[in-house]
Every structure is written in C-alpha cells, then in structure tokens.
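The structure appears below as structure tokens.
The values are calculated or read from the model by the stated rules, or taken from the named source; none is laboratory data. All values reported here derive from a predicted model rather than from experimental measurement. When we count neighbours, we look across all protein chains shown, and the Cβ atoms used for this are built from the backbone with ideal geometry, even at glycine. All accessible areas refer to the heavy atoms of the entire protein, side chains included, with ligands and DNA or RNA removed. Shrake-Rupley method; radii C 1.70, N 1.55, O 1.52, S 1.80 Å.
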Amino acid sequence: MIEAESILNEFLSRILDDRYFADIQITRAYPNAIKPTVLNNPAVAVGIKSIELDDNSVNENVKAGTFSVFADVFLPFESDLTVPEAIVFRICRDVSDFNIVSINISEMKANSLAQCYIMRAVFTFNNELTFGGKNNE
C-alpha cells in the first residue's frame, strides 16, 4: 500500500539515495520552459503521468490501481549516447520494489531548443493506494 500524495516523493528519494546519481541533476518536472544555459551534465526530471484507480473489493473500501511516473532524461549533445539507457536501467533497479507492471521507454530525440537529447521513460506500478483521511477514504 502506498499513500497517493507520497508517490513522487518516494520515487525521487529512491533515486536520490543512489550514489550513481551524484553527478546527475534529479528534479521534479515543471512546465516546459527554455533553460537559459546549456546542460553540462545529464539531468532527470520526474513527474506523475497518470493514476488510474478502482475499488477492487467486496464490502470493503480498498482502492487499488495503477500509477505512472515519467522520468525525462536530458543529455548534452556532446555526451556518450549510452548514458540515457544506463540511467533508465538504474532507475528501474532503484524502484523495483514498487511492483512495476510496465516500463515504456521512448527513443532518444534531439531537441534543438534545449540543445540536448531527451529520452522519456514511463514506469507503471500496480498497488493499493490510500488518500489519507478517516479510514483512508
């Protein structure tokens, strides 16, 4: 069971606790904007893509479903092109106990405005969710 409000915090903390990411900027995703400087190192922006929830119980209030978290990996143009895959696979390892049901990784694309490559990975998990409050309702 996972608290809905803490999904992203817990996902981020698992990544941030991994020393592999010491030289990689990890952040929450915010609306797209042009960065005033060019990236020098890889960066990862993480956000909630979707939550689908159903009441899967008989005579009980148990909410379960899937939630998807995306990780956009940004890579400077001059970088080793194998880095995004390594980052995504490391994230998979770090969050594997979340009960991953699917991972969708898009192809890496060059973005001339951001002056970097971008690859998106979407991690979909299946779990019972609570929303706090009385009786987790």
Next item on the list: Report the FRET efficiency, 1/(1 + (r/R0)^6), for Ala22 and Asp80, where r is their Cβ-Cβ distance and R0 is 25 Å, rounded to 0.05.
Entry: 0.90
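Would you work out what percent of the accessible area of the range 7-130, with all protein chains in place, is carbon or sulfur (probe 1.4 Å)? Walk me through the intermediate numbers first.
On the way: 3540 of 7260 Å².
For the range 7-130, the apolar C and S fraction of the accessible surface comes to 49 percent.
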Item checked: Net charge over other residues, Cβ less than 13 angstrom from the Cβ of Arg90 (K, R count +1; D, E count -1) -> -2
Item checked: Summed residue charge, Cβ within 13 Å of Ser79's Cβ, Lys/Arg positive, Asp/Glu negative -> -4
